[in-house]
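Have a look at the structure below before the remarks.
Read-outs throughout are calculated quantities, based only on the coordinates presented, and are distinct from any laboratory measurement. Remember, predicted model here, so these are calculated numbers, not experimental data.
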Amino acid sequence: MTIQWFPGHMTKARRQIEEKLKLIDVVIELLDARIPLSSRNPMVDEILKGKPRLVLLNKNDLADPQVTAEWVKYFADQGLPALPIDAANGTHVKEILPRVKQLWAHKIETMLRKGINPRAIRALIVGIPNVGKSTLINQLAGKKIAATGDKPGVTKGQQWIKVGTEMDLLDTPGILWPKFEDQMVGMRLAATGAIKEELLHLDDVALFTIKYMVQHYGAGIQERFGVQELPEDMDNIQEMVKVMEAIGRKRGAIVSGGKVDLDKASLIIIRDLRAGKMGRISLERPF
Ligand code: GDP
């Protein structure tokens, strides 16, 4: 799903989340492990207003595990527990409930002390479009949940999904908008598929990706695509284009006459990156 965000949409999205927050105890904030800050809503702290929160770094199957470990530390330093997961395959999804319970343990203790039988913890998943909210809801539910909330004529009453006996999950996630002001953020969102690449120039997104990869994953590029020499000057566009051409040649983006079709090469680079065919790549680091 790709949403074009306008101020009116943001206000509506915020209002919808604030309505949901009234019903819940703990928020599960879903981020993209490859670009945690760029896939984060800029107003999330303000919107969630101090609700206990677990950060999930999703799509970790595509992210660089070493960089993800650094991100977990980054969030921990800010007092936010963070857990890398892969919602599509269900990896580490079973660890979510114990982590949510930790966040709510003090409340349960208080209830028990007062002689009240604690009810199931109520949780809400929030995140930007395409970060994997529906995939995670289906994983936690153990079945495919039809999204009913947005269709006209369908009852809008909130549905709860039982995750074991100890957690109830709201069946419709909270959709947040990413930040747009920073062009680099836009590049990272486009490269990972959070926004349509057509919103930016495809070759710009591919160039950004290659630049980042030359900088951080140079040996992998050389090995995978048989690039002899990597550019030393990251701002030398011509040198970067040579790398793109080498990749294009290796991946068959050739037009008649043996020249590399750069548009096709750009598309292949982005598709390969998103499918994990370039290896596990993170496009943002916490320093
Ligand atoms: P939503 O818009 O936040 O509800 O996102 P979706 O659940 O529809 O997921 C968006 C895309 O990301 C889908 O193509 C999913 O298959 C894919 N996806 C979700 N989680 C993961 C994951 O952990 N790893 C990978 N590789 N893909 C994922």
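What the table below lists for this structure:
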{"item": "Mean ellipticity per residue at 222 nm, deg cm²/dmol - from DSSP H runs of n ≥ 4 across the chain, formula -39500 (n - 2.57)", "result": "-13000 deg cm²/dmol"}
{"item": "Ratio Rg/Rh, restricted to region 192-287 and using Cα atoms, in which Rh is the Kirkwood radius", "result": "0.94"}
{"item": "Among beta bridges that DSSP assigns inside the chain, antiparallel share in %, nearest 5", "result": "25 percent"}
{"item": "Region 65-106: C-alpha gyration tensor shape, a/c 1.5 cut-off, then a/b vs b/c", "result": "oblate"}
{"item": "At 1.306 mPa s and 10 °C, Stokes diffusion of the chain via Kirkwood alpha-carbon radius, µm² per second", "result": "77 µm²/s"}
{"item": "Shape category assigned to region 26-172 from the gyration tensor of Cα positions, a/c cut at 1.5", "result": "oblate"}
{"item": "Set LYS107/LYS162; LYS73/LYS196; LYS12/LYS107; LYS51/LYS114; LYS51/LYS73; LYS94/LYS211 screened for pairs whose C-alpha atoms are more than 29 Å apart", "result": "LYS73/LYS196; LYS12/LYS107; LYS94/LYS211"}
